[in-house]
Each structure stands twice: as C-alpha cells, then as structure tokens.
Amino acid sequence: MKPEDFHRIVFESSDIGIYMTALSGELMSVNEAFARMMGFASTTALLARMGGNPASLYADPRQRDRLWNKVMTSGHLSNEVSEIARPDGLRMWVSESASMHGIGTPNAVLIGTVIDITELVTSQQALRSAEERYRGLFENAVDGTFISSLDGKMLDANQALARINGYETPAELISAVNTLAIEWYVEPQRRND
C-alpha cells in the first residue's frame, strides 16, 4: 500500500469528521463522516450548500471567528468545544482540533477534525443540574444533615445542623467536630452499625 492510499483510506473511512479550509474560510474538502455529522447525505451536498459559509454551522456564528482568530494566532486548535446548529434544526456539540499547513505559501490551508461529543456534554449538563438540585435540598433542609467520610470525619453539613449544635456556620461546626463516633455517639461503636 502506498502512503497516499493509506491517507485516502483514513480520510474516507474515519468516523471522525475531517475537513480542509482555505485561508479565505471556504471549505475545500470534507470527509463523509463530517458530512453525516453535519446532517448532509453527501460531501457534495454539504460543500454545495455550506462550503462558502461554514460559520453558519455554528449555533453562535461568532464562534467560528473566535476559533479562526485563535488558529491564526497560534497555528492550531486543540479540543475546542462548540455547539453546532445543523440545517435540519438538530443541535449538537463537537470537539474540534485543527492546525495550519503551508503557512506563508499561496496554498496554505487549515486541516481539522471534529468529534461528536453531544452525549458527553448532555450527561455533564444533567450531572451539574442534579448536583445543583441536591445542593439546594441539602442547604435548605430544615433537618440537620451532614456528610461524613468512612472514618468518621465530617465533610459537609448544612446550616440547620450548625444551628442545632449552636454554631453560626457549617464551616465552624465542621472544624469543631474531629471524630463523629467519639463526639456524637453515646456508644461510639454504634456508628458502625
């Protein structure tokens, strides 16, 4: 196999979106994975519709300018996260990496990759939301609540528990309690039950 055949096979068969952009900003080439990711049936369809204006793929069209300025300054991008607005209305999140090639020549291009990270971003957003809800329940509970390590060190407490125990803040309570089993249990071995 010739090296150029290897490169062509990687370009055509990769599940990662690959693109090449001229310094003018026009998309010159994309692989099938890139076209599918962006909601097009073929590379030809994508280039015909979006080739001259790839900024319209970004949910925030200014994002492409920010990324372009960054790559023009540093010569590369690494794992930049952007929200994409596909022409079919679907929103998705991508991680984009790119680098300049042939700088200082008339044939300079930007070659980049795009990975769909929608599931990762969605799960991170759900986790943050759940943590915020939990934090709100914990902090605003009328019952005294705390979290401790397995060895009995108080890690967190809410305001209600601080008040119940005569402290102004949870931080004061946490710093005052060294070992829950000894200081809070009449029978310290009961903590292990």
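The values are calculated or read from the model by the stated rules, or taken from the named source; none is laboratory data. Nothing here was measured: the structure is a model prediction, and the numbers come from that model. Backbone-built Cβ (ideal geometry, glycine too); neighbour counts: all protein chains shown. All accessible areas refer to the heavy atoms of the entire protein, side chains included, with ligands and DNA or RNA removed. Shrake-Rupley method; radii C 1.70, N 1.55, O 1.52, S 1.80 Å.
Charges on Cβ only, +1 for Lys and Arg, -1 for Asp and Glu, centred on the Cα centroid of the chain; of Ser148, Ala41, Gly166, which one is farthest towards the dipole's positive end?
So the residue we want is Ala41.
When the expected Rg is taken as 2.2 N^0.38 Å, what fraction or multiple of it is the alpha-carbon Rg of the stretch 26-135?
Ratio of Rg to 2.2 N^0.38 Å for the stretch 26-135: 1.20.
Grab the other residues whose beta carbon is less than 13 angstrom from that of Thr145, score K and R as +1, D and E as -1, and report the net.
-1
Can you give the accessible area of Trp184 in Å² (nearest 10), computed on protein heavy atoms with a 1.4 Å probe?
Near enough 90 Å² of accessible area.
Report, largest value first, the span of the C-alpha coordinates of the stretch 99-193 along each principal axis, in whole Å.
So the three principal-axis extents are 81, 28, 26 Å.
Just to make sure I understand: if all protein chains stay in place, what is the order of His7, His101 by accessible area at 1.4 Å, largest first?
His7, His101
Could you tell me the accessible area of Leu27 in Å² (1.4 Å probe, neighbours in place), rounded to the nearest ten?
Leu27 has an accessible surface of roughly 10 Å² with all protein chains in place.
Any idea how far the Cα center of the stretch 173-190 sits from the one of the stretch 29-55, in Å?
Measuring centre to centre over Cα atoms gives 63 Å.
Using a Gaussian network model of the chain with C-alpha springs under 10 Å, which one of Asn158, Asn140, Asn178 is most mobile by mean-square fluctuation?
Of Asn158, Asn140, Asn178, the Gaussian network model singles out Asn178 as fluctuating most.
Order Glu187, Glu119, Glu4, most accessible first, counting only protein heavy atoms with a 1.4 angstrom probe.
Final ranking, largest accessible area leading: Glu119, Glu4, Glu187.
Starting from the 7 Å offset along Cα-to-Cβ, what nm value, one decimal, do you get for the label separation of Ser99 and Val10?
1.1
Picking from Gly25, Gly102, Gly112, which is most flexible by a Gaussian network model of the chain using Cα springs under 10 Å?
Gly102
Could you work out [θ]222 nm for the chain from helices alone, using -39500 (n - 2.57) per DSSP H run of at least four and dividing by all its residues? Round to the nearest 500 deg cm²/dmol.
-12000 deg cm²/dmol
So what J values fall out for the stretch 7-12 if you push phi through Karplus, 6.51 cos²θ - 1.76 cosθ + 1.60 with θ = phi - 60°, rounded to Hz, Gly and Pro as x?
4, 5, 5, 4, 4, 7
Rule-of-thumb check for the stretch 1-57: C-alpha Rg over 2.2 N^0.38 Å?
Against the compact-globule rule of thumb, the ratio is 1.16.
From the P(r) of the stretch 101-153, can you give the percent of Cα pairs sitting at distances over 11 Å?
Of the Cα pairs, 80 percent sit more than 11 Å apart.
Provide the net charge surrounding Leu77, with neighbours chosen by a C-beta distance below 9 Å and charges set as Lys +1, Arg +1, Asp -1, Glu -1.
Cβ neighbours under 9 Å give a net charge of -1.
Sum up the charges of everything whose Cβ sits under 10 Å from the Cβ of Gly17, counting Lys and Arg as +1 and Asp and Glu as -1, but leave Gly17 out.
So the surrounding residues net to -3.
Which whole number in µm²/s is D for the chain by Stokes-Einstein, with the Kirkwood Rh taken over Cα pairs at 4 °C and 1.567 mPa s?
So the translational diffusion coefficient is about 61 µm²/s.
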